[in-house]
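Asks: Here it is: the structure, laid out below.
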Amino acid sequence: AVVSTQSGHYGRDFCDYQRRAMVFAAKTAGLNVLRLMNDSAAIALAYGIYKQDLPAEKEKARLVVFVDIGDNDTQVSAVGFNKGKLEVKKSLADPQLGGRHFGERICNFFKVEFMKKYNIDVDSRARAAMRLQTECEKLKKTMSANTTSIPLNIECFMNDIDVSGRMGREQFEELSHDLFERLRHLLQELLHNATFTIEDIDSVEIVGGSTRIPKCKTIIEEVLHKTCSTTLNADDSTARGCALQCAILSPAFKVRDFAINDVVQSGIKLVWYNPDGSVGGDMEVFNKGHVFPFSKMLTFYRKENLILEASYSNPIPHTQTVIGRFEVGPIKPAEDGSSTKVKVKVKVDIHSLFTVESAHTVTKIQVPVEEEKKEEKKDGKKAEKKEGENMETE
């Protein structure tokens, strides 16, 4: 199976221990996890794998911006496409901007109105609150297709009281003004300090149920200067992308290969400690936006065991910022008392999980090679000599 996770910058991205928990839960359920995939990459795969007119590998990539406004959050990503591969250039998300947040604004409006008109407290009864939430969701969808004021009627709502109200699209947009501004800010942040400009964007694809809200489409087109396209199914594009990736990775299906280069959402740094527990140094091994899967070979000079601590180098909205603590050993000083050269391989794998994959020591050994002489030939020619060499091997 290929399992999808939330991605982004504001906190919907799963940190390392959450991703490990997701993999463990899937395995516990009997699933063979081939890849833990970000939503943005899954949507991009569902879009790109069917395209026959993508530029060649060495040509300039086709840049597509995906805007996914789901029920719980909003994700925006810029993805470059070439024939047979995609590369996520930048990905952001806002966990406080989704369909349910728009619905809450409508619910809160009618809660106040019903208190004034009927003197009833909707929050005092959970069943009444759920009924109102359901009706407000229907009203929100109806307003997306109508500019006129839409009625809301609920029979026997509370205490055998029938309630009614009305709301139009303009009133809804006024109530949700700050949410629409969050969407505008998120799109502007996607363009800020990016490796591309707004002129480089070839198209904009919108997915997610809440992209049907007309004001959302207007803001996207205003910021990105492109008409919104609805090539993908708004509701199942993520699941389709995961299914396609599963088919690509599985030997049981014959599917056209399509490489995916995703990016880490937060930088990762390593801190190493001295024997007394003090910090010996630190370095950022994977910066924010680095492509994964990827591995690096690091070199240390030590006389004792090496203790490494991996953590996020950028602020993240999680209490657990430390990824893990690793000890490399046993390490002993060289024969002459000097530090031993230690090679450590660190990796961010296909699941976007950080790990210390391997480690080994490097010892220099001087091997003398005796000078070999050849006897002079009987015909009087000069003897050939081979000079000795001092070889250094690792």
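Asks: Across region 76-129, which residue is modelled with the highest pLDDT among those that are crowded, with 20+ Cβ neighbours inside 10 Å and of a type in the set (Ser, Thr, Tyr)?
Replies: Ser77
Asks: Going residue by residue through region 371-380, is there one that turns out to be touching a Gly at 6+ places or on another chain (Cβ under 7 Å) and either charged (D, E, K, R) or modelled with pLDDT of 85 or more (or both)?
Replies: Taking every residue of region 371-380 in turn, at least one turns out to be touching a Gly at 6+ places or on another chain (Cβ under 7 Å) and either charged (D, E, K, R) or modelled with pLDDT of 85 or more (or both).
Asks: When you go through (1) outside any strand (DSSP E or B); (2) open to solvent by 20 Å² or more (accessible area, probe 1.4 Å); (3) touching a residue at least 40 places away in the same chain (Cβ under 8 Å) one by one for Leu186, which number turns out not to apply?
Replies: (2) is the only condition that Leu186 fails.
Asks: Name the single residue that is nearest to Phe114 (Cα to Cα) among those in region 138-150 being in a helix (DSSP H, G or I) and open to solvent by less than 60 Å² (accessible area, probe 1.4 Å).
Replies: Of everything passing the filter in region 138-150, Leu139 is nearest to Phe114 (Cα to Cα).
Asks: Counting only residues that are among the hydrophobic types (A, V, I, L, M, F, W, C) and part of a helix (DSSP H, G or I), which one in region 189-206 is farthest from His290 (Cα to Cα)?
Replies: That would be Ile198.
Asks: Somewhere in region 330-347, is a residue modelled with pLDDT under 85, among the basic types (Lys, Arg), over 30 Å from Gly84 (Cβ atoms) and assigned to a loop (DSSP other than H, G, I, E, B)?
Replies: yes
Asks: From the residues in region 23-64 that are of a type in the set (Asp, Glu) and open to solvent by 20 Å² or more (accessible area, probe 1.4 Å), which one is nearest to Thr231 (Cα to Cα)?
Replies: Going through the qualifying residues, I end up with Asp53.
The values are calculated or read from the model by the stated rules, or taken from the named source; none is laboratory data. Bear in mind that the values here come from a model prediction, so they are computed numbers and not experimental data. Neighbour counts are summed over all protein chains in view; Cβ atoms, including those assigned to glycine, are modelled from backbone coordinates with ideal geometry. SASA here: full protein model, heavy atoms, side chains in, ligands and nucleic acids out. Shrake-Rupley method; radii C 1.70, N 1.55, O 1.52, S 1.80 Å.
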